[in-house]
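Here's the structure we're looking at; comments come further down.
The values are calculated or read from the model by the stated rules, or taken from the named source; none is laboratory data. Small disclaimer: the values here were computed from a predicted structure and weren't measured. Don't worry about glycine lacking a Cβ; one is built from the backbone with ideal geometry, like all the others, and counts go over all protein chains shown.
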Amino acid sequence: MAGLFRKVYDWLLKTFWATQMDVTMIGLQNAGKTSLLRVLAGGEFTIDSIPTVGFNMKRVQRGHVTLKCWDIGGQPRFRTMWERYCRGVNAIVFIVDIADLNVLQQARDELHALMAQSSLNGIPLLVLGNKSDLPEKLSVDELIDALDLKSIGHREVCCYGISAKEETNLEAVIQWLMKWANR
């Protein structure tokens, strides 16, 4: 009987109170965007993920909220599309490989150029330092400084250290995103 009640309750939630959010995940190539999205959508982490060519979309369901997540390729030829896919979304997620110190300046430059677009004013930004499971990595405070996140205005900015591989802090990421569902 409890199983039947749960099915009816879930159907009512999805039918009458379901919320869909649009989230765009961006970052330089090899930051772990596709791996993170695969894990968030209930899949398993794979070490041999191929680079995203163009974009990839998956839905992540949590309770009555569906996160429609766009994973946009991070190679230079796709970065011109970032702004277009970020317009009008509930949140922007910028993913950085915190174990690759050689790309931090480029990541900072790309992020600040994107956040300077007036079409994106007011859209919350979540910066994720991925690969926190690796030994040589930046802390969250070091990442905030390296990307100069405190200078980004016209929006709420949040930063977490995560590991898609170890699934570290992923529930906190989902909770942060879900708070923007009804805004």
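Here are some notes:
- Within the stretch 153-179, the residues that satisfy the criterion of being surrounded by fewer than 17 Cβ atoms within 10 Å (Cβ to Cβ) and part of a loop (DSSP other than H, G, I, E, B) are 153, 154, 155, 156, 166, 167, 179.
- Residue list for the stretch 76-99, restricted to those being touching a helix residue (DSSP H, G or I) at 6+ places or on another chain (Cβ under 7 Å) and either surrounded by 23 or more Cβ atoms within 10 Å (Cβ to Cβ) or not in a loop (DSSP other than H, G, I, E, B) (or both): 79, 82, 83, 86, 91, 92, 94, 95, 96, 97, 98
For (1) of a type in the set (Ser, Thr, Tyr); (2) farther than 29 Å from residue 181 by Cβ; (3) assigned to a loop (DSSP other than H, G, I, E, B); (4) in contact with an Asp or Glu (Cβ under 6 Å, 6 or more places away or on another chain), each residue gets a yes or a no:
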| position | (1), (2), (3), (4) |
| --- | --- |
| 109 | no, yes, no, no |
| 112 | no, no, no, no |
| 119 | yes, no, no, no |
| 123 | no, no, yes, no |
| 128 | no, no, no, no |
| 136 | no, yes, yes, no |
| 150 | no, no, no, no |
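- Where a residue in the stretch 158-183 is over 18 Å from residue 96 (Cα atoms) and its partner, wherever it lies, is among the β-branched types (Val, Ile, Thr) and buried (at least 18 other Cβ atoms within 10 Å of the Cβ), with Cβ under 6 Å and at least six apart: 178/65; 181/65
- Of residues in the stretch 19-46 being in contact with a Lys or Arg (Cβ under 8 Å, 6 or more places away or on another chain) and modelled with pLDDT under 85, the one nearest to residue 161 (Cα to Cα): 45
- Here 141, 109, 71, 148 are screened, and the one residue that is surrounded by 17 or more Cβ atoms within 10 Å (Cβ to Cβ) and acidic (Asp, Glu) is 71.
- The combined condition, being of a type in the set (D, E, K, R), farther than 15 Å from residue 27 by Cα and at pLDDT 95 or above, is fulfilled by residue 141.
- Evaluation of residue 167 against (1) in contact with a strand residue (DSSP E or B) (Cβ under 8 Å, 6 or more places away or on another chain); (2) farther than 15 Å from residue 108 by Cα (one fails), failing number: (1)
- Residue ID - modelled with the lowest pLDDT, chosen from residues in the stretch 61-104 that are over 30 Å from residue 136 (Cβ atoms) and β-branched (Val, Ile, Thr): 65
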